[in-house]
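In what follows, a structure is listed as structure tokens, so that the remarks can point back to it.
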Amino acid sequence: MSLPRRVIVTAVLALATTLTVAGCSGAAPVTSASSQAATAISPGSVAPSGAAPVATPTPVAAPTLSVTQLPLKLPTTLSRLVALPAGDQLLLLGGLEAGTTTTATILAVSPSAGTVSVAGHLAQTTHDAGGAVLGGRALVIGGGTSASTSAVQAVALTGGAASISGQLPQARSDDAVAADSTTAYVVGGYTGSTELPEILATTDGVSFHVVAHLAVTVRYPAVVVVGTTLWVFGGEHQGTVTDDIQRVDLTTGTAVVAGHLPAPLAHATATVLDGTILLVGGTDGKAHQSAISRFDPTTATLAAVGQLPAPASDMAIAVLADSAYVVGGEVASVGGKVTSLNTVVRLQLAH
């Protein structure tokens, strides 16, 4: 996870990477009680005397996505960071400042108040790490500077000084983390020389165990967990951006390539907002992408639902209440130098 390796991500992501969970787009048609009582009658037949007419199914519209760049700005451009919810604020942990300097700063961002302040510092600088909230603490898992680290750092959701809470089985950077209310899953990444297939689970940031192995090893994937299924979108496999969509059954440990993105994609981010899986930004290895796509897990397909204000990769995302916030990121390089962002973009769904 050497810094030069990261900085080569200069391409603009041409993929609609924000995805919406199929619970909205794939919902069953709504029928009335009378139509349920007449299930033996085909839609084109005449109802027998005394029978209620068959209701015509009413299509359920997919939610629409609004994308708003907030007026507040970060104190510096920032990418490859971790963003986590902390009450009514976002905690931004570590990352690359100005595309070159790894930081230990923890920022607290209040989207409602429009404020940004320094809330603390990590125990060690890191970027390209994963993160999760477990047990009332914010965790930063892996990452590194010029070398990958195995350190897990923990800090209170109110901020302060972080401490080393545990160690991964191996150094791991360029990883992604998806979490539910009790468990964080560490996916992808590499040791600095070797891509890691093991998917790790932790409930406390102290102990980790293997729950599955990727079907295809990747760095810089986008991941979400929905129920007992972990979805892994794209990433880089052996230096090549992939279009694989991997599905991992967390109950059996089985991982398969369940589908393909419309184009190769890495350095994107994903989240679940109001039951909808969104895939956002990224790069195809040549260009940054602005697309936000909705992912339907029943068909393993995507539909474009919006665009970022600018094509970007390596941003962070976190959900507060009814909104997801996309923070920072990297845009097309100028003269070989990566340009990063100090922006906060709000995503909201309207049904």
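When residues in segment 68-87 are screened for being open to solvent by 20 Å² or more (accessible area, probe 1.4 Å) and either closer than 18 Å to VAL345 by Cβ or hydrophobic (A, V, I, L, M, F, W, C) (or both), 8 of them pass.
Among the residues of segment 104-134, those that are surrounded by 20 or more Cβ atoms within 10 Å (Cβ to Cβ), in a strand (DSSP E or B) and of a type in the set (Gly, Ala, Ser) comprise ALA119, GLY130, GLY131, ALA132.
Return yes when SER173 is open to solvent by 30 Å² or more (accessible area, probe 1.4 Å) and under 28 Å from ASN342 (Cβ atoms) and no when it is not. It is false that SER173 is open to solvent by 30 Å² or more (accessible area, probe 1.4 Å) and under 28 Å from ASN342 (Cβ atoms). Screening the candidates THR158, THR229 for the property of being modelled with pLDDT of 95 or more, under 23 Å from VAL280 (Cα atoms) and out of contact with any Gly (no Cβ under 7 Å at 6 or more places or on another chain) yields one hit, THR229.
Taken over segment 135-167, the criterion of being open to solvent by 10 Å² or more (accessible area, probe 1.4 Å) and of a type in the set (A, V, I, L, M) is satisfied by ALA147, ALA156, LEU157, ALA161, ALA162, ILE164. Of a type in the set (Ser, Thr, Tyr), modelled with pLDDT under 95 and either touching a Cys at 6+ places or on another chain (Cβ under 6 Å) or assigned to a strand (DSSP E or B) (or both) - does that describe any residue in segment 301-324? The answer is no, given that none of the residues of segment 301-324 is of a type in the set (Ser, Thr, Tyr), modelled with pLDDT under 95 and either touching a Cys at 6+ places or on another chain (Cβ under 6 Å) or assigned to a strand (DSSP E or B) (or both). So is VAL152 touching a residue at least 40 places away in the same chain (Cβ under 8 Å) and within 21 Å of the chain's Cα centre (by Cα) or not? Yes, satisfied. For segment 211-251, filtering for residues that are surrounded by fewer than 22 Cβ atoms within 10 Å (Cβ to Cβ) and either among the basic types (Lys, Arg) or free of Cβ contacts under 8 Å to residues at least 24 places away in the same chain (or both) leaves 6. Just the residues that are in a loop (DSSP other than H, G, I, E, B) and within 21 Å of THR100 (Cα to Cα), please, taken from segment 135-166. Answer for segment 135-166, where residues must be in a loop (DSSP other than H, G, I, E, B) and within 21 Å of THR100 (Cα to Cα): GLY142, GLY143, THR145, SER146, ALA147, THR149.
Of everything in segment 272-312 that's within 15 Å of THR229 (Cα to Cα), among the β-branched types (Val, Ile, Thr) and touching a Leu at 6+ places or on another chain (Cβ under 8 Å), which residue is surrounded by the fewest Cβ atoms within 10 Å (Cβ to Cβ)?
The qualifying residue surrounded by the fewest Cβ atoms within 10 Å (Cβ to Cβ) is VAL272.
Filtering segment 332-351 down to residues that are more than 18 Å from ALA291 (Cα to Cα) and not in a strand (DSSP E or B), which residue is least open to solvent (accessible area, probe 1.4 Å)? Here the residue is ASN342.
The values are calculated or read from the model by the stated rules, or taken from the named source; none is laboratory data. None of these values were measured; they are calculated from a predicted model. Ideal geometry is used to build each Cβ from the backbone, glycine not excepted, and the neighbour counts take in all protein chains shown. What goes into the accessible areas is simple: the full protein's heavy atoms, side chains included, and nothing from ligands, DNA or RNA. Shrake-Rupley method; radii C 1.70, N 1.55, O 1.52, S 1.80 Å.
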